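Right, one structure below, let's go through it.
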Amino acid sequence: MVGFLDLLFPKRCVNCGRLGGYLCRECFSKIEYVDKPVCPVCQRQAVGGKTHPGCQRPYGLDGLVVAARYRGAVKRAIAKVKYKWAYDIGNLLVDLLVASLWKFDLSKDVILVPVPLHRRREKWRGFNQSRILAKSLAKKFGVDLRDVLIRTRETQSQVGLKRDERKKNVKGAFALRQAGQKKRRSFDFVASRRNFAQDKIIAGVIGENIILVDDVYTSGATINECAKVLKKAGAKSVWAMAVALG
Ligand SMILES: [Zn+2]
Ligand SMILES: [Zn+2]
């Protein structure tokens, strides 16, 4: 059915520009799925997406969930929602992930944590696309979303950087969220309140099976840096989940 808004703002396919919907049937049929799960470290085939025993590192990722290759319509759709969130396209990306989940050996009891943007970047952009993805996924699975991470410094874009440069670029760029400091009444009051809230954030990580959510997984440098912070804080397992494998 064509609604009034569709007449005012006709929907076009993100990939080829054809009128009718955000992704036409033809472009949808050309999406390249990641048929066989891969290891987050070596990106070779791995049963259920679990990190190969030989690829495991201290504080490293335990597995990777990805739906499609970062090409064609999927690449265009991700680029589109990065700068202006569009719910229809976002839902399409979420559906790609949800449809792929059966291939992965995920634990039932998980919480989702979005890869954070630096607060200045988020303010400029108006939203964090990874957080919106994580929020929709959390709603679909009926699991918790916890914003326990922050990006402590602004990092250069990873695009065009080599593998070791990517690692260096994001090293130490994430931390557990500091508890918000309330009005300063007395020093002790503020300190105890902060410690209490901080304990709560750490308690939200200890012993948990966490899935870090991002839009694209390329070298994994960013998400690995996040995993390190969560594991050092006591997370039981940390997986990465991204719509596309770059
Ligand atoms: Zn199309
Ligand atoms: Zn491996």
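The values are calculated or read from the model by the stated rules, or taken from the named source; none is laboratory data. Owing to the predicted nature of the structure, the values given are computational and were not obtained by experimental measurement. When we count neighbours, we look across all protein chains shown, and the Cβ atoms used for this are built from the backbone with ideal geometry, even at glycine. Quick note on the areas: whole protein, heavy atoms, side chains included, nothing else; ligands and nucleic acids left out. Shrake-Rupley method; radii C 1.70, N 1.55, O 1.52, S 1.80 Å.
The residue of the range 137-154 that is modelled with the lowest pLDDT, among those that are open to solvent by 30 Å² or more (accessible area, probe 1.4 Å) and part of a helix (DSSP H, G or I), is F141.
Please find, within the range 8-44, the residue that is surrounded by the fewest Cβ atoms within 10 Å (Cβ to Cβ) out of those that are near ligand 2 (Cβ under 9 Å from one of its atoms) and of a type outside the set (D, E, K, R). Step by step, filter the range 8-44, then rank; the result is C42. Here A175 meets each of (1) open to solvent by 40 Å² or more (accessible area, probe 1.4 Å); (2) in a strand (DSSP E or B) with one exception, condition (1). If you check L93 against the conditions, is it among the aliphatic types (A, V, I, L, M), modelled with pLDDT of 90 or more and under 14 Å from L212 (Cβ atoms)? For L93, the condition - among the aliphatic types (A, V, I, L, M), modelled with pLDDT of 90 or more and under 14 Å from L212 (Cβ atoms) - is not met. Can you find, within the range 106-117, the residue that is surrounded by the fewest Cβ atoms within 10 Å (Cβ to Cβ) among those that are modelled with pLDDT under 95 and closer than 15 Å to V143 by Cα? That would be K108. Restricting attention to the range 222-234, the residues being closer than 19 Å to C55 by Cβ and either open to solvent by 10 Å² or more (accessible area, probe 1.4 Å) or β-branched (V, I, T) (or both) number 6.
Here is the figure for the range 47-66: residues that are of a type in the set (S, T, Y) and either open to solvent by less than 10 Å² (accessible area, probe 1.4 Å) or near ligand 2 (Cβ under 9 Å from one of its atoms) (or both) total 1. Taken over the range 67-105, residues that are open to solvent by less than 10 Å² (accessible area, probe 1.4 Å), over 18 Å from D35 (Cβ atoms) and over 14 Å from the mean Cα position of the chain (by Cα) amount to 2. Across the range 20-34, which residue is nearest to ligand 1 (Cβ to nearest atom) among those that are touching a residue at least 60 places away in the same chain (Cβ under 8 Å) and more than 21 Å from F9 (Cα to Cα)? Result: I31.
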